[in-house]
Amino acid sequence: MATEALTTKGYITHHLTNLTFGQHPDGTWGFAHSAQEAGEMGFWAFNVDTLGFSVLLGVVFSLIFWRTARKATTGAPTGLQNFVEWVVEFIDTSVKDIFHSRNVLIAPLALTIFVWIFLMNLMDLVPVDLIPHAAQLAGVHFLKVVPTTDPNATLGMAFGVFLLILFYSVKIKGLGGFLGELTLHPFGKWMLPFNLFLEGVNLISKPVSLGLRLFGNLYAGEMIFILIALMYSGGLVLGLFGGVLQWAWAVFHILIILLQAFIFMVLTIVYLSMAHESSH
């Protein structure tokens, strides 16, 4: 889509606009036909592409692991079984190294977070024009294929983890113990307002930093792919140079994709481990 029909600004804007469904100013519901229309839809607008690809990749992850578990054998394992067992063992080791309490939810949660985020990040390696162009041929004007470049998705996952932190903090420590940590640490009862401010900021910063870190890294990676794709419309020499750059960035981006999924998973385990620890 990097052609003369689109300006550079229009091309970039097109690739960074979600397929948004919401209420128009006239009261009718439908899809936005521009970034401005999407912005005018307000809070109750839905990024259909983010939701669709997130659910689809979640289903793919679940089906692959479920099917592998059903067909697992003690004999010579298949390549897929080897890979799944390696991933599960890696996650299990990471949880045991970080989380020292007992909770059967943590390991499955860590596995789901790591694989699901990795698959969503992996969509960034699909050529930037391939799926959006196919969608345009089907009459869908906007389509973002990387869910983790949408802050609604990354912050949604982060606040889901935040709710678990609050739940286990109250469950393990009791409401009084949890409130005591917020108000009496680190300087004691005589500095209660200051303690509450420090601990409150520390608590709220966990989901915000967790979600924005993932979003920022993947959004920057997507932007670089889009800028490189613009080079294909600059002639043969510039296009060949763009191809080399895109290949090099894709190889480096594999590290970012894995690292960001791993960081989100590890921080989730760390935060939940802290929620299970009682301070005296």
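Listed residues Thr20, Thr28, Thr74, Thr78; which is surrounded by 12 or more Cβ atoms within 10 Å (Cβ to Cβ) and farther than 15 Å from Asp150 by Cα? Exactly one residue qualifies, and that residue is Thr78. Figure legend. Inter-residue proximity from segment 79-92: first residues on the phi > 0 side of the Ramachandran plot, second residues assigned to a helix (DSSP H, G or I) and modelled with pLDDT of 90 or more, beta-carbon distance below 9 Å, spacing 6+ or different chains. No pairs are indicated.
Among residues of segment 196-209 that are under 14 Å from Met274 (Cα atoms) and surrounded by 12 or more Cβ atoms within 10 Å (Cβ to Cβ), those with a beta-carbon under 9 Å from a residue that is among the charged types (D, E, K, R) and at pLDDT below 90 at least six positions away or on a different chain give the pairs Glu199/Glu181. Summed over segment 108-135, the residues that are of a type in the set (A, V, I, L, M), more than 12 Å from the chain's Cα centre (by Cα) and either at pLDDT below 95 or closer than 19 Å to Val59 by Cβ (or both) give a count of 9.
When segment 166-190 is limited to residues that are under 12 Å from His276 (Cβ atoms) and touching an Asp or Glu at 6+ places or on another chain (Cβ under 9 Å), the one that is surrounded by the most Cβ atoms within 10 Å (Cβ to Cβ) turns out to be Ser169.
How many residues does segment 256-280 hold that are surrounded by 21 or more Cβ atoms within 10 Å (Cβ to Cβ) and free of Cβ contacts under 8 Å to residues at least 12 places away in the same chain? Matching residues across segment 256-280 total 0.
Taken together, the residues in segment 29-48 that are part of a helix (DSSP H, G or I) and free of Cβ contacts under 8 Å to residues at least 12 places away in the same chain amount to 2. Working carefully through the options Phe194, Phe167, find the one that is modelled with pLDDT under 90, aromatic (Phe, Trp, Tyr) and in a helix (DSSP H, G or I). Only one candidate passes the filter, namely Phe194.
Annotation note: Cβ proximity below 8 Å between a residue of segment 49-72 that is at negative phi and touching a residue at least 12 places away in the same chain (Cβ under 8 Å) and a residue that is part of a loop (DSSP other than H, G, I, E, B) and not hydrophobic (A, V, I, L, M, F, W, C) (sequence gap 6+ or interchain) occurs for Asp49/Asn18; Asp49/Lys144; Thr50/Asn18; Thr50/Lys144; Thr50/Asp150.
Apart from one condition, His14 fits all of (1) within 27 Å of Met157 (Cβ to Cβ); (2) touching a helix residue (DSSP H, G or I) at 6+ places or on another chain (Cβ under 6 Å); (3) at pLDDT below 85; the exception is (2).
The values are calculated or read from the model by the stated rules, or taken from the named source; none is laboratory data. Please read all numbers here as calculations on a predicted model, not as lab measurements. For neighbour counting, all protein chains shown are included, and Cβ atoms are generated from backbone atoms with ideal geometry for every residue, glycine included.
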